Every structure is written in C-alpha cells, then in structure tokens.
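Enquirer: What follows is a single structure, and I will ask about it in a moment.
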Amino acid sequence: MIKRIITGSWPFKNVTELQVSLFQQSATPFHGSKYYQHTLIHVERRFKCEECQKTFKRRGHLVNHRVTHTKEKKFPCSICDQSFTKRYNLVRHERVMHLGVGADKNACETCGRCFNRADNLARHQMVHTRGRPFRCDKCPKGYRHRSNLKKHVEKMHPPTPSP
C-alpha cells in the first residue's frame, strides 16, 4: 500500500473510499481495527454543539457531550448521595470511593491522604511544601489556589472608582 502511495497509483479519491474498500476485504470488524481508529484523525469534525461550538467527528460523541450542558444527573450512586451525568463517571466513582480501587495509587507520601486523581494529589502536596504559586501583584501575599488569590484581590484590593 505504501508503495502505491509513493508511485502515485493510489486508486482512492478520499479516506472514505479507502475505508469501504478495506472493510470489504477484511474478515474482522473494521470499526474496531487500529487502522480505522487511525483514519479518524483525517476525518472532518462535522458535528457541532450549538451550545459551546465544540466539534466532533462522530454524532455519538456529540450526543454524549450534550449531556454536559444539562443539569440532569441520571446516574445516582446507590451508596452515597452523589449523582452523575454519565454512567462511566458513576462506575469510576464507585470503584474509587467505595471499593478503594486505585486509592493507593494517588496517596500522599507525607500524610497518607488518598485522592482519586493525580492532579488533586499534586495540588494537595503544596500543603506540605508551602508552595504558593499564585502571587498577588499588589502585595507580598501568595496562595496555593488561584481562587483564593482572586478572593484576596476582590477583598483587599478592590478596584477604585475613577473620578
């Protein structure tokens, strides 16, 4: 196939024609193949969310995405009072929070506190290192979280009304 591309004797007008041809020649399900998954890189993102303008290559991905704009959470946890918009988020929650799966993977080495995600662990570790990356540009104060800096600026350095 590579040789045909180099020599210019490529018989397909576009990726879709190639996909159909390969599907017809293949005994295995084409949509599950690694090659098919790779070809999706070249497919145009023609499914657009009307709410946020995000685009998708597949209609199903757009349908799944639309749920993020609704407040409806159809998947309640049977153990606690949390609910989720997507089933896989519920399954992940139950595995991590109630079955303890992967909890030790994101455990703080200093205090032993466990987190369900690595980024939450990294944010927590600033408590021990005294890291304060969010600095106020009007005074020497620093904060571990951007939201705390924002609250500080609003309270301590409110904008002065112009005359």
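Enquirer: Might you let me know whether the range 75-93 holds any residue that is modelled with pLDDT of 80 or more and in contact with a Pro (Cβ under 6 Å, 6 or more places away or on another chain)? Explain how you work it out, then say what you get.
Expert: Of the residues in the range 75-93, the ones modelled with pLDDT of 80 or more are 75-93.
Then keep just the ones that are in contact with a Pro (Cβ under 6 Å, 6 or more places away or on another chain); that gives 83.
Scanning the range 75-93, I find at least one residue that is modelled with pLDDT of 80 or more and in contact with a Pro (Cβ under 6 Å, 6 or more places away or on another chain), so the answer is yes.
Enquirer: Further question: Going by what's in this entry, would Cys111 be described as in the same structural domain as Arg123 (by TED's automatic domain parsing) and either part of a loop (DSSP other than H, G, I, E, B) or β-branched (Val, Ile, Thr) (or both)? It would help to see each step written out before you state the result.
Expert: Numbers: in the same structural domain as Arg123 (by TED's automatic domain parsing): yes; either part of a loop (DSSP other than H, G, I, E, B) or β-branched (Val, Ile, Thr) (or both): yes.
In short, yes.
Enquirer: Looking only at the range 64-91, filter to residues that are without any contact (Cβ under 8 Å) to a residue 12 or more places away in the chain and in a helix (DSSP H, G or I); which one of those is nearest to Ile41 (Cα to Cα)?
Expert: The residue in question is Tyr88.
Enquirer: So which residues in the range 102-152 are farther than 27 Å from Val91 by Cα, surrounded by 11 or more Cβ atoms within 10 Å (Cβ to Cβ) and among the charged types (D, E, K, R), if there are any at all?
Expert: Arg132, Arg135, Lys141, Arg144, Lys150, Lys151
Enquirer: Give the range 31-63 a look and list any residue that's part of a loop (DSSP other than H, G, I, E, B), surrounded by 10 or more Cβ atoms within 10 Å (Cβ to Cβ) and modelled with pLDDT under 80, or say none.
Expert: Let us first name the residues in the range 31-63 that are part of a loop (DSSP other than H, G, I, E, B), namely 33, 43-46, 49-54, 57-58.
Next, from what is left, pick out any that are surrounded by 10 or more Cβ atoms within 10 Å (Cβ to Cβ): 33, 43, 45-46, 49, 51-52, 54, 57-58.
Residues satisfying the conditions are Ser33, Val43, Arg45.
Enquirer: Looking only at the range 68-113, how many residues end up being more than 21 Å from the chain's Cα centre (by Cα) and among the hydrophobic types (A, V, I, L, M, F, W, C)?
Expert: Looking only at that region, the number is 7.
Enquirer: How many residues does the range 92-103 contain that are in contact (Cβ under 8 Å) with a residue 12 or more places away in the chain and part of a loop (DSSP other than H, G, I, E, B)?
Expert: Total meeting the criteria: 1.
Enquirer: Any residue in the range 132-152 that's over 18 Å from Ala122 (Cα atoms): show its pairings with residues that are part of a loop (DSSP other than H, G, I, E, B) and of a type in the set (A, V, I, L, M, F, W, C) at Cβ separation under 7 Å, as long as the two are six or more apart or on different chains.
Expert: Correct list of pairs: Leu149/Cys136; His152/Cys136.
Enquirer: With respect to Thr68, determine if the residue is outside the structural domain of Phe115 (by TED's automatic domain parsing), surrounded by 12 or more Cβ atoms within 10 Å (Cβ to Cβ), among the polar types (S, T, N, Q) and modelled with pLDDT of 85 or more. Reasoning before the result, please.
Expert: Numbers: outside the structural domain of Phe115 (by TED's automatic domain parsing): yes; surrounded by 12 or more Cβ atoms within 10 Å (Cβ to Cβ): yes; among the polar types (S, T, N, Q): yes; modelled with pLDDT of 85 or more: no.
No; evaluated as a whole, the condition is false for this residue.
The values are calculated or read from the model by the stated rules, or taken from the named source; none is laboratory data. No experiment lies behind these values; they were computed from the predicted model shown. Glycine gets a Cβ as well: all are built from the backbone with ideal geometry, and neighbour counts include every protein chain shown.
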